[in-house]
Ligand SMILES: Cc1cc2nc3c(=O)[nH]c(=O)nc-3n(C[C@H](O)[C@H](O)[C@H](O)COP(=O)(O)OP(=O)(O)OC[C@H]3O[C@@H](n4cnc5c(N)ncnc54)[C@H](O)[C@@H]3O)c2cc1C
C-alpha cells in the first residue's frame, strides 16, 4: 500500500487549498514543504470571485472575508485626469488580504482536517512514476528517505523541480516587465485602486487592510529598489509625496509569463505556478491556481476511489484559463509602459473606451476574472 492516497509537493497557497479540499472528503493527503517555517514574502493581495469560490468550497470564505478589505472599484489616471472609472457590482468585488494571512488561515484550516498531514522542512528531490504508484525521494534534517502515493500533485511553484524532472517544457509567453513595490502605512486607504498610466510608466496604488497601501512602480531603472529613487519616481509621475517609514524598503520583482507544455505525466499532475507563471500585474496567479485546484480536487477524489487517472478535463480547463489570464496580464502591462506622443494618445483612447458605458461591465468582468 502507498503511504498516501495523494502527496502534494509544496505548501504554497495553491497546494494548501487543494489539500484542504481533498482532506474534507476524507482523502488521505501528505503535503511536503521544503521551508521549515512560513513564507513571509509580500506577494498576492487580490482575491477575485473565482478565488473566493474556491475558498468558500474549502470552508474558509467567511474567515477570509472577515479580515479582508473589499475593493469597490478604481480609477485609471494619466496626467491628473481620470481616463476611466469602474465600480464593481457586489458579486464582482475583489477582496484584499496579504498572502501571508491567507497562508496562515489555510494552514490553520488544514490542521483541523484529520486526513491531512503537513510535513515542513521536507524537500522533494526526485519523483518516479511506478505504474500504480509514484515514489518521491525526500531530504529532511540531513536525512534522505522515500514515500509513495497513489497520485502526486506538483504545486512547487515557478521553479518546479518536479516539472524539470519529468522533462516537461516551460514555454515563454508574451508579457514581461520590471517593477518595485512596497507596503506602507497610510491614513486614508479607502476601497478603490488607482492606476496611474503615466508617460514615464505605471504607478499602482492599492488599499490594504489595517491602514496600509501597496505601491507598485513600473520600469526600468535598477535604482527603483532604492527608497529615495522609488519615492522620487512616484512624486515625478503622480505628484504624490509618499512618506515612507525608515523600516520600509521597496523590493524588486520581474514579471514574466510561462506555461508548461503539458500538465500530467503518468500519475503526477502539475498545479498552480508550477503549471503556469502569470505576471503579478492584474493579480491573477494565485486565483488561477485556486480555481484549478477546485476542479482538480474532484478529479483526484474520483481517481483515488476508482484507481483510474483521468485528468484530461482538468488539463483542458486549466490551460484555457491560464492562456486567458496571461493575455489579460500582457494587455495590462502594455497599458502601463512608458509612452509619449501618438502612442500615449492611442493608449489613453483605448483606456477611455474601456471605461465607457457600453463596455464598462465587460471591462469589470475581465478585471475580476469572470469565466476562470
Ligand atoms: C509581487 C507579487 C504580487 C502578486 N499578487 C498577486 C495577487 O494579487 N493575486 C494573485 O492571484 N496572485 C498574485 N501573485 C502571484 C501569486 O503569489 C502566485 O501565483 C502564488 O503564490 C502561486 O502559488 P503556488 O502555491 O502555486 O506556488 P508558490 O506560492 O510558489 O508555492 C510553492 C511552494 O512549494 C515549495 N517548494 C518548492 N520546491 C519544493 C520542493 N522541491 N520540495 C518541497 N517544497 C517545495 C516552496 O517552498 C513554496 O512554499 C503575486 C506575485 C507576486 C510576486
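Read-outs: derived from the displayed coordinates by stated rules, not from any lab. Source: prediction; values computed, not measured. Cβ placement follows ideal geometry from the backbone for every residue including glycine, while neighbour counts extend to all protein chains displayed.
Things to note:
- Of the helices (runs of 4 or more DSSP H) lying entirely inside region 259-372, the ones with 2 or more residues being under 24 Å from residue 30 (Cβ atoms) and without any contact (Cβ under 8 Å) to a residue 24 or more places away in the chain are found at 285-306.
- Residue check for residue 263: surrounded by 23 or more Cβ atoms within 10 Å (Cβ to Cβ) and either over 12 Å from the mean Cα position of the chain (by Cα) or away from the ligand (no atom under 12 Å from the Cβ) (or both): yes
- Between 321, 275, 345, 303, the distinction of being more than 16 Å from the ligand (Cβ to nearest atom) and surrounded by 19 or more Cβ atoms within 10 Å (Cβ to Cβ) belongs to 303 only.
- Scanning region 106-124 for any residue that is within 30 Å of residue 367 (Cα to Cα) and assigned to a loop (DSSP other than H, G, I, E, B) turns up nothing.
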